[in-house]
Each structure stands twice: as C-alpha cells, then as structure tokens.
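The values are calculated or read from the model by the stated rules, or taken from the named source; none is laboratory data. Computed from a predicted structure; not experimentally measured. All Cβ positions, even for glycine, are placed from backbone atoms using ideal geometry, and neighbour counts span all protein chains on display.
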Amino acid sequence: MDSALFDAINSIQWALLLKLAVVAVLGLYLKKHFDNFASYMMFRSNKDLGKNVKVLLDGREGFITQVSWRFIYVEFHDKSTERIIPITKWTSLKWEVCKNGKDNKE
C-alpha cells in the first residue's frame, strides 16, 4: 500500500514539474518578444534615427535601409555591404547621425 501511495505522489510531482517547465518556456518566449517590441518602440520614438538616415557606425558611413521589429539593416557606402543589427542591441552601439553635412553624435 505504501508503494502505491508513493507512486501516486511521484506522478503528481512529475506533472507539476512538467507544468512549471511549460510556464517557464512560455515566460522566456514572451520576455524575448516583449524586449524586441520595447526596443523597436524606443528606436521608432527617436526622431533622429529612421529609414534612409545617414549614419556613421564603427567609423563607416552608411544609411539605414530598413527597420523591422527584430532587426535594423544598415548599408555601408564603402563596399556596399550590409550590417544586420538586432533591435535589442541598438542602444549599445555608438551612432553618429549625419544631418545637413554635419555629424551629430548620438
């Protein structure tokens, strides 16, 4: 009788562990998408940065070709290469916005 009781408790614990794992994975998934959305809204609220804006990034001059909720696409003039920046990392980069022939540091 004792082994049947322990088996029942063990199955309940495994079910609880499985439910907690599902909730943890769902929470991480939602956090990732919330971070992307928050960074996207922060980027869009910056009036100096946007599509077709000339920027100086890592000493290379280029312009922003596209902005999505996950990535920022910057095309450089020197070699016609493109850099894809994750939207959550845009605040850690040093952006210099080129306006009217002047360089304004961001």
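Do you know which of the residues in the stretch 15-50 that are surrounded by 10 or more Cβ atoms within 10 Å (Cβ to Cβ) and polar (S, T, N, Q) is nearest to Ile64 (Cα to Cα)? Here the answer is Asn46.
For the stretch 33-70, taking the residues that are over 17 Å from the mean Cα position of the chain (by Cα) and charged (D, E, K, R), the one that is farthest from Thr81 (Cα to Cα) is identified as Lys47. Within the stretch 59-88, track down each residue that is assigned to a loop (DSSP other than H, G, I, E, B) and either touching a residue at least 40 places away in the same chain (Cβ under 8 Å) or surrounded by 12 or more Cβ atoms within 10 Å (Cβ to Cβ) (or both). Within the stretch 59-88, Trp69, Arg70 qualify. Scanning the stretch 89-98 for residues that are surrounded by 12 or more Cβ atoms within 10 Å (Cβ to Cβ) and over 22 Å from Phe37 (Cβ atoms), we see that the one that is modelled with the lowest pLDDT is Cys98.
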